[in-house]
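For reference, the structure discussed in these notes is given below.
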Amino acid sequence: MKQYLFLGDSITDADHLFDPANLGYGYVSLLARRPEYVDARFVNRGHEGFTIERVLHMLRRDGIGGHWDAITLLAGVNDIPVELFTSHSRIPLEFSAFYREVLDLLCQHTSTILLLEPFLFDEPAEYSAWHSYIEKESQIIHDLALSYSAHFITTDSILRQAARQEGVDAITTDGIHLTPHGNTLLADLWHQAFTALFHD
């Protein structure tokens, strides 16, 4: 049985601790229900509010456990308030260092790592000022993906374009979190990227 681990913040978490299947109500559970993955085991270890630093601390504390056929990480949006509203200068140096340490750990437990680009929408208007930080994080993650032979999955431009075409409220509930339709789009992006790994 294939085993897939998902790490990250609330987008991954999606209240998984309140779900009897422990997968949550977001893109991870949508993937687990797809017929292509009926024989796979999905594990959700996302946590609401997690920065990349907190992902690292969790992995150091709790470990990763055995071998995984693929590990997915989505983190970054919660690091922006750290940069903006605390005394930490998080982006780019701290963010890059913590992300690299996470990848060092993941590489010990899998040969397939998928890195989802953090994303943010244009409404509420205050988030427009955050996009320069998303761009910096995305470049860091993209460069690290190349260094670690991981797989970078573009999300921000695609989800924002969907919001422009279909309406922001169709994709996001608050400018950060996703509606059911938004989660479906994210699950599709993951599935497309994952499938492409084995058809190149």
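The values are calculated or read from the model by the stated rules, or taken from the named source; none is laboratory data. This structure is a prediction, so every number in the text was calculated from the model and none was measured. Here Cβ is always computed from backbone atoms with ideal geometry, including for glycine, and neighbour counts include all displayed protein chains. Just so you know, the surface numbers come from the protein's heavy atoms only, side chains and all, with ligands and any DNA or RNA stripped out. Shrake-Rupley method; radii C 1.70, N 1.55, O 1.52, S 1.80 Å.
Results, tabulated for the structure shown:
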item: Condition met for I176 (crowded, with 17+ Cβ neighbours inside 10 Å and touching a strand residue (DSSP E or B) at 6+ places or on another chain (Cβ under 6 Å)); result: no
item: Residue list for region 60-99, restricted to those being closer than 16 Å to Y4 by Cα and either surrounded by 13 or more Cβ atoms within 10 Å (Cβ to Cβ) or aromatic (F, W, Y) (or both); result: I64, W68, D69, A70, I71, T72, L73, L74
item: Residue within region 75-89 that is in contact with a strand residue (DSSP E or B) (Cβ under 6 Å, 6 or more places away or on another chain), under 17 Å from L115 (Cβ atoms), among the small types (G, A, S) and not in a loop (DSSP other than H, G, I, E, B) present; result: no
item: Failed condition for L146, given (1) of a type in the set (A, V, I, L, M, F, W, C); (2) crowded, with 16+ Cβ neighbours inside 10 Å; (3) not in a loop (DSSP other than H, G, I, E, B); result: (2)
item: Residues of region 125-143 that turn out to be farther than 19 Å from L59 by Cα and open to solvent by less than 60 Å² (accessible area, probe 1.4 Å), as a count; result: 9
item: Selected residue (criterion: nearest to H47 (Cα to Cα)) from residues of region 100-117 that are in a helix (DSSP H, G or I) and open to solvent by less than 60 Å² (accessible area, probe 1.4 Å); result: V102
item: Leading residue by the ranking (farthest from W190 (Cα to Cα)) among those in region 118-143 that are part of a loop (DSSP other than H, G, I, E, B) and modelled with pLDDT of 95 or more; result: F121
